[in-house]
Every structure is written in structure tokens, then in C-alpha cells.
Amino acid sequence: MAKLEENRIRISVRNLVEFLLRSGDIDNRRKGKKDVDAMAAGARLHRKIQSRMGVGYEAEVSLKTDYIMEDIVICLEGRADGLFVRDQIPMVDEIKGVYWDLEALTEPVAVHRAQAMCYACMALDSGRWKVASQQETVGIQMTYCHLESEEVRRFEERVSAGEVRDYVRHLLEEYAAWGRFLYHHREKRNRSTIGLSFPFSYRPGQRELAVSAYRAMKQQKTLFIQAPTGIGKTMSVLFPAVMALGEGIEDKIFYLTAKTITRTVAKEAMGILREKGLFASSITLTAKEKLCPVAKDGKRPECNPEDCPFAKGHFDRVGRAVFDYIHQRETAGREDILRWSEAYQVCPYEFSLDLSDWMDVVICDYNYVFDPNVQLKRYFADGAGGEYLFLVDEAHNLVERAREMYSAELFKEDFLKVRTLVKPHSPRLAKKLSSCNRILLEMRKESDEALVRESVDAFVLSLTGVYTEMEKFQEDSRALDGNEDFGNFYLAVRHFLNMYERMGKSYCIYTEPSGKDSFMLKLLCVSPAENLSECLAKGNSAVFFSATFLPIRYYKELLCGNSEEYAVYVPSPFDTSKRLLAVGKDVSSRYRRRNSREYEKILDYILAAASGKKGNYLVYFPSYSYMQEVYEAALKRGFSEGPDILVQSFGMTEADREAFLAEFVKSREKSLVAFCVMGGVFSEGIDLQGEKLIGVLVVGTGLSQICTEREILKRWYEEQGKDGFAYAYRYPGMNKVLQAAGRVIRTDTDEGVILLLDDRFLSGEYRRLFPREWADYHVTNYEKLPSLLQDFWLNGRK
């Protein structure tokens, strides 16, 4: 929320007023009022309104003023939409783009008025406005503009300079208690980093990794780190990050992950640093569905005062809950948040977000920073930003996750479904939905295949009318409050319009029928680099790290768009004599070779590996269907002396996954072979050390099935002069292979085998993607494999 410079605390106008002026209930049934400036179209309309204001109107004026509050100084900063003079009176203009019915708006929103008052005060106290006395008049203007019709409604107020200053002084006095906490907390934190040492003996390459990370943070650069599993990447980036925090290089650390297990590792690393003397606060954010006390048995959270007692009066109590917590606790996890929210009767999810404002380290999913629908607006909304450091763990996952975040799709059948819902309550909205449906129907008639389109402007214009009418409908009627189909459709429409505003050369529009009744229109984000860079620009620097960043240029291009960013490669510190890597040259998962004979050969390799030494093995297949074929071949063979076989099933629950992994710790008389799908839930994020896992077999090169989107990606990259097949298929596939292979050899005492079962791994295109430590691979076939395994297990590598 605020940045500290010695005893100066910086806070933005928006954060100040939104923090202090909250009151009443949480109520998500009125989505429109929550999404006042959510649409990207608002920024464009701001500029249009500003350009119409004539000579003398100053747009987007940056203001910054210090206010002394006893032992601390609050530096208030922000950007006024406009400053101008009317009738010789200096005025401030606060512009908001909305989808409301402006006729129904009888007065300005309190938070918007407060923002205007703050900007007026800053213009006075910075000397930008010259007034002779406290009694002299100044003006504030709140301008609301409808984002579709461009209708404008203004509220103007004349106040004395003294009134403005008194109003803002009162806000600052209320905030000062929070500011003093921040000052004393950070002073103690910074002292604790002096002399703090790395908590372990450095492994080979680990010190260089930490030094490189610190250097990037200090220089406010982006860094990519390719380092093997087991080297200690988490501590190697977190330690220099907290040191940089103590030196004032950044203000807050966001540790971003794709999976729960990696968030746990980061939380444990912070605990280790505290044991060594670090004084720093941290919070692990949990999804709303997992925190909500009323969302049980798969129900969606209903955030309104009728369905949730915690929502009623939440904003009246949450300030005290947060203030008490930060004065008593250094860490906040799921159980802590649930206990505290129960005691104070506040929404645990919203409480956790408010707590994050006062924490040094925020451990959370990628979504909270990058997803335009989920990202924390308090940090990353338009005009927001800060001295943030982003540590992005397992960052290879972010490519596909970001594509999904910044793509948008709508289905023709959903327009008909929602039209049926709303017709009894709003014939006008039903009519607008029919208009969109007709346009989609015309598109559907054009082709029975997927079709790339140059433009869908006419549809978007009609869709904007639907969105506007949905906003008005939700303001005027409660007939469909809580209706899941209506709510999901509303969010899908909003996201589609938001993404359409982002459309550029990195997007592709296409339509695709599916069966007789389904028809999809999609905005596909081909390269997410521009959108991700926009988020990263809200902070100072970023460190992306992964065990599988090969080829590094691919990830640089897709994650930040700059292939010249710094990169560090850390070789594996583990003794290669404890690992056997072999490529099977007589098998392949190519589609034309998928037959019973090939499945039998794969099974032979599996049985040979399991016979080489008793233990636990993971076998990764290219698909569920391929896995099932090999499993059925094993059942037909009917061997009684073979290994125990465990098979991953589709749609496993968390309990199912835990039971699956529990099999690896059981003692048994013969080998265990677990069949899994490459790229699935058991491909990464599982840690089976020592005897829990001694072998991994990877069947195939991980290529995705040919589909519309992959082919669009392929063509798009070819048009950019790149290897389209590599970008769309080979690189993502090889990442799955590397992740699967990385499940074995997790520590310096582990021993194990990695078998790559596809002759394509021997081609130059794939060998160039091997990590450096894979240079000692063996080429084998089924006949030679038993002797190769025997030699390894008896004698080790030479």
C-alpha cells in the first residue's frame, strides 16, 4: 500500500481514500458498481474527454506533496485527471468511465469526491495553485462518462482552500497510526538484514545464482535462471530478495507460483530465514473458494449480506481486525486467517487481501499479479505500481497460463441460454442478445471448419450493447441475483470486451464449430509477452526461474518479449555416476506407429527397467489413450512375476492424488510401476526422494495433438520468420519431457535411471534441447537394455 523512505511513507491518493472510506457490506450482486473503471476502454475515453476541454486544461498532472505528521512524513502522490480554471477559480477534474445509467446518479461517489479533494489539496500545498487565503475558493469536478454512449454527467462543487486542507488533514491523521506501524516495522526489518547470512553451506553454483539474482534486483533488471531441481532455487532467490528489501532496493516481494506445493516451499524458506534472525512478515494467499466459510460441498462463494454473515458489515470491522493482526503476528497462512476472521466476523478472503498490504512478502499464485480478472487491483490497477520485486517460480508454466489469461472466448449457445433466462424480466436485454446471436449464426454459416478472421468489430459493437444492458439490468433488478449461468455469462462478456481492447499483432481471432449445436468465437493471445510486460512494469524487477528453461530464447520472447535480458545457467551439482540416461532407438510414439506391436515394445522396456532393480518407477505417456493401450497389453500378457502397476485416472481429486503418491512410501516385495500422463498432475511438483523413486521412463517427445490453436500458433510464428513447429509443438513438448525426467535424482544421494523412449530424441532438433549434463546419454535398444541397467546398478557410472 505504501512505500517507506526513512521516515517518509509514500501512498497514492487512490489507495488512501479507498482504504479509509470503506464501510458497510460486501455485496457482489451489484457487479456494475464494483467494476467502475474495470474496462480498458475507460483510459481511451479519458483522453477523449480531456481533449475536448480546450486551451488551458492540463491533463494527467502528476502531483506529490509531503505532510508532516509528528514523527513521520506522509508523501501523498497521484495523477490528477485534469487541472483547469473556470471563472477564475482553480478546478480539479476527476474522470470516471462507467456503464451506469447516469440519469440514476444523483451525487458523486464518495471515494471519487475524496480523490478530487486530495488532488485539490496537493495542488494547493505544492504551490501549483496560488491562493491568497484559506477562505479563497477552489473547485472540484467529478466527471462521469458512459463508456458506450459517451454521455457525460458532471458534478461540480466549490469549497474554500481551508475546507479542502482540513478534509485531507483529517484523512491523513486517521492514516497516521497505520503509517507509524509501517515505519517502525520496516525500521526493525531493515536492521535485521544487516549481517544476515545465507542459512546453508552453498552448493556448487548456488552462490553464483544468489549473486546474479541480487545484482539483477539492484540494477532493476529482469533475470532468467535455468537451474536443476535440488540446487535450492527458492532460497537462492529469496535470500538476496530479503537483503535487497532491507536495503530499500524494493518495497515488497511477490513470490509467484503455479502450484500449492511450491508456495509451501517458499513459506518454509521464510521460516528458515526467521530462525536465522530475519524480522520480516509474509502471507500466503489462498483462493476464495478454499477460504470461504459458506462455500462448501462445491458451492460457489455468495458474497452478500443475505447469504453470508461475514459479508454483512465486513468493512465496518475489517480495519480493526487487520490492525490487531499486524501488531501481533509476522506470518499469515490459511489456518491463521480463518481463525482471525472467525473471531472478528470478517470475510477471510477479503481480510487476507487487506493483510497483504502490510506484509513484506506475498506468496501467491500467478493469477494475483498477471490475470486481468483476478489480479490485485490495489497493486496493479491502471496508474498503480510500486517498488515491487517479482520472483516467478516454475516460470515455464507461465507461458500457457498467460495465454489462457489473456485469451477470451464466447459460445453462441450461451447467448440463447441467457436470453431465455432474461426474457421474462428484460425484453430489451433479450433483444440485444438476439442481435448478437444472429451475427454469430451468420458466422456459423460461413464454414463448417475453424476459420481465422480479420475482424469482428460489428459483433463487438453489438456485444457492448449487451454488456451495457446487463449492467443496467443488474442495477435495476434482482431477479437473477445468484444465478450461476447469468453470472458466468456476464463475466465472460466483460472479459471478452476487455481482451478486445488489448487486441494487437500478438492476437488472432478465430471461430470454430463443435458438433451440431456449439459454435465458439475466440480471441487467442498467441504471445503473452506484451501483456506480461505491462504487469511487470508495475514493479522494479523480476526473476524468472525454472529447472526447464530450454531453449532460453523461447521463454524470454514469450515472457518478456526481450531476448537480450540477462540469463544464468546453473549446471546440476549432482554426481552423474549416480544417474543413467539412455535413449531407446527402436521405439517411437509417432501416430503412424501406434499399434499393438509398438505397445508391446514399450511394455518390454518397462518390464526390463523394473527388473533391473526392485524399486519404484514412474512411466509417463503422451496421452490417456496411449497409457490405456499399454496397460491393456500388460493385462493381456498376464504376468504374475511382474511389478505392481498403478494407473493415474482422469479427474483425480486431491484425496485421490494423495493416495496415489502414498503408494511410493509403502514397503513391497516387488517393483512398483506407476503409469502417468505427461504434462499431468504427477509430471511436476512432486518430490519423491531416495528410494521412493529410482527410475523414470518417458514415452514420446511430449508433442501436443494437432489442433486448431496449435496450428494457428505454428502459422503465426512462421509469419514472424521463426520455426513454427518448434514454437507450437517441439519446445512445449520437450518441457514436459524435462519436467517428467526431473522427478528422479532430487538430492545428491539419490540414484536412478532415466529412459527416453522415442528415436526422435536422437535427432539434432531434440539433442540441442538437452541440458548440458545430459551429454553423457546412452543409445540403446530393448536387447541391450538389461545389460546396461545391470552394469549401472552393480558398478555405477564411470
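The values are calculated or read from the model by the stated rules, or taken from the named source; none is laboratory data. A quick note: this is a predicted structure, and the numbers were derived from the prediction, not measured. Note: ideal-geometry Cβ built from the backbone for every residue, glycine included; neighbour counts use all protein chains shown. For the accessible areas, the whole protein counts, side chains as well, though only heavy atoms, and no ligand, DNA or RNA atoms are used. Shrake-Rupley method; radii C 1.70, N 1.55, O 1.52, S 1.80 Å.
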Discussion item. Could you go through segment 292-308 and let me know if any residue there is in contact with a Phe, Trp or Tyr (Cβ under 9 Å, 6 or more places away or on another chain) and open to solvent by less than 10 Å² (accessible area, probe 1.4 Å).
Written reply: no
Discussion item. I'd like to check something: does segment 424-446 contain any residue that is open to solvent by less than 40 Å² (accessible area, probe 1.4 Å), in contact with a helix residue (DSSP H, G or I) (Cβ under 7 Å, 6 or more places away or on another chain), of a type in the set (D, E, K, R) and on the phi < 0 side of the Ramachandran plot?
Written reply: no
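Residue by residue, here is whether (1) touching a Ser or Thr at 6+ places or on another chain (Cβ under 8 Å); (2) open to solvent by less than 20 Å² (accessible area, probe 1.4 Å); (3) closer than 18 Å to residue 528 by Cα holds:
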residue	(1), (2), (3)
348	yes, yes, no
367	no, no, yes
373	no, no, yes
379	no, yes, no
385	no, no, no
403	no, yes, yes
410	no, yes, no
Worksheet item: Of everything in segment 268-291 that's hydrophobic (A, V, I, L, M, F, W, C) and assigned to a helix (DSSP H, G or I), which residue is most open to solvent (accessible area, probe 1.4 Å)?
Response: 272
Fill in: segment 591-610, residues that are touching a residue at least 40 places away in the same chain (Cβ under 8 Å) and either open to solvent by 40 Å² or more (accessible area, probe 1.4 Å) or touching a helix residue (DSSP H, G or I) at 6+ places or on another chain (Cβ under 9 Å) (or both)
601, 602, 604, 605, 606, 608, 609
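Per-residue answers, yes or no, for (1) of a type in the set (Val, Ile, Thr); (2) touching a residue at least 24 places away in the same chain (Cβ under 8 Å); (3) in contact with a Pro (Cβ under 6 Å, 6 or more places away or on another chain):
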residue: 616; (1), (2), (3): no, yes, no
residue: 621; (1), (2), (3): no, yes, no
residue: 652; (1), (2), (3): no, yes, no
residue: 657; (1), (2), (3): no, yes, no
residue: 660; (1), (2), (3): no, no, no
residue: 670; (1), (2), (3): no, yes, yes
residue: 688; (1), (2), (3): no, yes, no
residue: 705; (1), (2), (3): no, yes, no
Practice prompt. Given the conditions (1) within 18 Å of residue 765 (Cβ to Cβ); (2) hydroxyl-bearing (Ser, Thr, Tyr); (3) open to solvent by 10 Å² or more (accessible area, probe 1.4 Å), report the number of the one that residue 717 does not fulfil.
Written response: (3)
Fill in: Positions within segment 207-247 being of a type in the set (S, T, N, Q), open to solvent by 10 Å² or more (accessible area, probe 1.4 Å) and part of a helix (DSSP H, G or I), in sequence order
212, 234
Response to the item:
Within segment 126-167, residues open to solvent by 30 Å² or more (accessible area, probe 1.4 Å), among the aliphatic types (A, V, I, L, M) and within 29 Å of residue 67 (Cβ to Cβ) come out as 131, 132
Item to complete: Report yes if some residue within segment 508-526 is in contact (Cβ under 8 Å) with a residue 40 or more places away in the chain, open to solvent by less than 50 Å² (accessible area, probe 1.4 Å), more than 19 Å from residue 444 (Cα to Cα) and touching a Lys or Arg at 6+ places or on another chain (Cβ under 7 Å); otherwise report no.
Response: yes
Worksheet, complete the sentence: Pairs returned, first residue in segment 1-16 that is modelled with pLDDT of 65 or more, second residue that is part of a helix (DSSP H, G or I), beta-carbon separation under 6 angstrom, 6 or more apart or interchain, are 7/183; 9/179; 9/182; 13/115; 13/118
Discussion item. Return the residues of segment 542-567 that are among the β-branched types (Val, Ile, Thr) and either over 28 Å from the mean Cα position of the chain (by Cα) or buried (at least 21 other Cβ atoms within 10 Å of the Cβ) (or both); say none if nothing qualifies.
Written reply: 543, 548
Discussion item. Only one of 73, 98, 109, 92 is touching a residue at least 60 places away in the same chain (Cβ under 8 Å), open to solvent by less than 30 Å² (accessible area, probe 1.4 Å) and closer than 21 Å to residue 157 by Cα. Can you tell me which?
Written reply: 98
Worksheet item: Applying the selection to segment 475-499, what residues are within 18 Å of residue 424 (Cα to Cα) and surrounded by fewer than 17 Cβ atoms within 10 Å (Cβ to Cβ)?
Response: 475, 476, 477, 478, 479, 482, 483, 484, 485
Worksheet item: Which of (1) of a type in the set (A, V, I, L, M, F, W, C); (2) open to solvent by 50 Å² or more (accessible area, probe 1.4 Å); (3) at pLDDT below 90 does residue 265 not meet, given it meets every other one?
Response: (3)
Discussion item. Take the conditions in a loop (DSSP other than H, G, I, E, B), closer than 25 Å to residue 21 by Cα and touching a Gly at 6+ places or on another chain (Cβ under 7 Å) and apply them to residue 306. Does it pass?
Written reply: no
Fill in: Top-ranked residue of segment 502-543 - restricted to ones that are over 25 Å from residue 366 (Cα atoms) and of a type in the set (S, T, N, Q), ranked as modelled with the highest pLDDT
511
Worksheet entry | Yes/no for residue 202 being open to solvent by 20 Å² or more (accessible area, probe 1.4 Å) and hydroxyl-bearing (Ser, Thr, Tyr) | yes
Practice prompt. Identify the single condition in (1) of a type in the set (Val, Ile, Thr); (2) open to solvent by less than 10 Å² (accessible area, probe 1.4 Å); (3) free of Cβ contacts under 8 Å to residues at least 60 places away in the same chain that residue 399 does not satisfy, given that it satisfies every other one.
Written response: (3)
Item to complete: Quick one: count up the residues across segment 447-474 that are under 22 Å from residue 426 (Cβ atoms) and open to solvent by 60 Å² or more (accessible area, probe 1.4 Å).
Response: 2
Response to the item:
Subset of segment 495-529, residues in a helix (DSSP H, G or I) and either acidic (Asp, Glu) or touching a helix residue (DSSP H, G or I) at 6+ places or on another chain (Cβ under 8 Å) (or both), comes to 496, 497, 499, 500, 501, 502, 529
Item to complete: Give the number of residues within segment 333-346 that are crowded, with 22+ Cβ neighbours inside 10 Å and more than 23 Å from residue 189 (Cα to Cα).
Response: 2
Discussion item. Checking the condition under 28 Å from residue 574 (Cβ atoms) and over 21 Å from the mean Cα position of the chain (by Cα), which residue from 244, 213 passes?
Written reply: 213
Worksheet entry | Near pairs, Cβ below 6 angstrom, 6+ apart or cross-chain, from segment 759-779 (aliphatic (A, V, I, L, M)) to any residue that is surrounded by 14 or more Cβ atoms within 10 Å (Cβ to Cβ) | 762/583; 769/550; 769/734; 779/583; 779/585
Fill in: Residue check, residue 86 under 30 Å from residue 472 (Cβ atoms), open to solvent by 10 Å² or more (accessible area, probe 1.4 Å) and not acidic (Asp, Glu)
no
Response to the item:
Picked from segment 630-653 (must be among the polar types (S, T, N, Q) and touching a helix residue (DSSP H, G or I) at 6+ places or on another chain (Cβ under 9 Å)), the residue most open to solvent (accessible area, probe 1.4 Å) is 649
